[in-house]
Amino acid sequence: MKTLDMQGQPCPIPVVKAKEVLSRQDAKGVVVLVDNSVAVQNLEKMAKGTGCGFSYVEEEGLYRVTIVKGTDSGQIAGRQPDEPREKLSEIPETSGKVKKGPVVLISADTMGRGSEELGRMLIKGFIFSLTQLNPLPEAVIFLNGGAHLTTEGANTVPDLKTLEEKGTGIYTCGTCANYYKLTESLAVGSIVDMMNIVSRLGKASAVITI
């Protein structure tokens, strides 16, 4: 079976990559290496939801998750039956059709308050998740510190390029790019002025602000 090293990758990247492997007709299963229990839980939920067998072993903080197609045994190796375990909340599906995706406004190169290192992991995971959204965002706009996410060397650039290839507009505020001297290092999308940004926001079906 194919082994995926997903250490350091924020959710939902390990789940999405594992599903990609399992979707291949010749795949019997997949082994996923992760370094946190939340990823293990997400992989378990995905495995059970697709009728696959699931097990894992833990060695010094490294989790080796094995998912096997067509063997939904429900058995989980690596913990005792009476061991308490965190429960992940389910997010309900919304009803009704959305004609076009939202406009996403990102104003920082981290997500949330607290640890900057964690914030960088979260924003990476958030932007990757946008590539899985249905419908895809109409546009992603970067302001202030968020402008750093569209420049050369940023680990968010590959996912932003994926979004752009699928039709999502990627826009960076020109004033912000000039302020941080990032104009020459833009790696994805285009630079726009504030009037274009306001116009895009005004016409959006919905706006997500980060």
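So that you can scan it fast, the table gives a plain yes or no per residue for (1) in contact with a helix residue (DSSP H, G or I) (Cβ under 7 Å, 6 or more places away or on another chain); (2) modelled with pLDDT under 95; (3) under 25 Å from Leu160 (Cα atoms):
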site: Lys19; (1), (2), (3): yes, yes, yes
site: Leu43; (1), (2), (3): yes, yes, yes
site: Gly70; (1), (2), (3): no, yes, no
site: Asp109; (1), (2), (3): yes, no, yes
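Considering only residues that are in contact with a Phe, Trp or Tyr (Cβ under 8 Å, 6 or more places away or on another chain) and in a helix (DSSP H, G or I), which ones fall in the range 170-188?
Passing the criteria: only Cys176.
Residues to consider are Pro135, Pro158; find the one that is modelled with pLDDT under 95 and surrounded by fewer than 21 Cβ atoms within 10 Å (Cβ to Cβ).
Pro135
Could you tell me how many of the residues in the range 1-56 are under 11 Å from Val68 (Cα atoms) and either part of a loop (DSSP other than H, G, I, E, B) or of a type in the set (Phe, Trp, Tyr) (or both)?
Adding up the residues that qualify gives 7.
Quick check on the range 117-125. Is at least one of its residues in contact with a strand residue (DSSP E or B) (Cβ under 9 Å, 6 or more places away or on another chain) and either more than 17 Å from Pro102 (Cα to Cα) or buried (at least 18 other Cβ atoms within 10 Å of the Cβ) (or both)?
Within the range 117-125, the first condition is being in contact with a strand residue (DSSP E or B) (Cβ under 9 Å, 6 or more places away or on another chain), and the residues that meet it are 123.
Keeping just the survivors that are either more than 17 Å from Pro102 (Cα to Cα) or buried (at least 18 other Cβ atoms within 10 Å of the Cβ) (or both) gives 123.
For the range 117-125, residues in contact with a strand residue (DSSP E or B) (Cβ under 9 Å, 6 or more places away or on another chain) and either more than 17 Å from Pro102 (Cα to Cα) or buried (at least 18 other Cβ atoms within 10 Å of the Cβ) (or both): present.
For the subset of the range 150-169 comprising residues that are assigned to a helix (DSSP H, G or I) and touching a strand residue (DSSP E or B) at 6+ places or on another chain (Cβ under 6 Å), which member is nearest to Lys124 (Cα to Cα)?
Going through the qualifying residues, I end up with Leu160.
Over 19 Å from the mean Cα position of the chain (by Cα), more than 21 Å from Pro10 (Cα to Cα), surrounded by 15 or more Cβ atoms within 10 Å (Cβ to Cβ) and small (Gly, Ala, Ser), is that true of Ala177? Explain how you work it out, then say what you get.
Values: over 19 Å from the mean Cα position of the chain (by Cα): yes; more than 21 Å from Pro10 (Cα to Cα): yes; surrounded by 15 or more Cβ atoms within 10 Å (Cβ to Cβ): yes; small (Gly, Ala, Ser): yes.
For Ala177, the condition - over 19 Å from the mean Cα position of the chain (by Cα), more than 21 Å from Pro10 (Cα to Cα), surrounded by 15 or more Cβ atoms within 10 Å (Cβ to Cβ) and small (Gly, Ala, Ser) - is met.
The values are calculated or read from the model by the stated rules, or taken from the named source; none is laboratory data. Since we're looking at a predicted model, the values are computed, not measured. Positions of Cβ are backbone-derived with ideal geometry, glycine not excepted, and every protein chain shown enters the neighbour counts.
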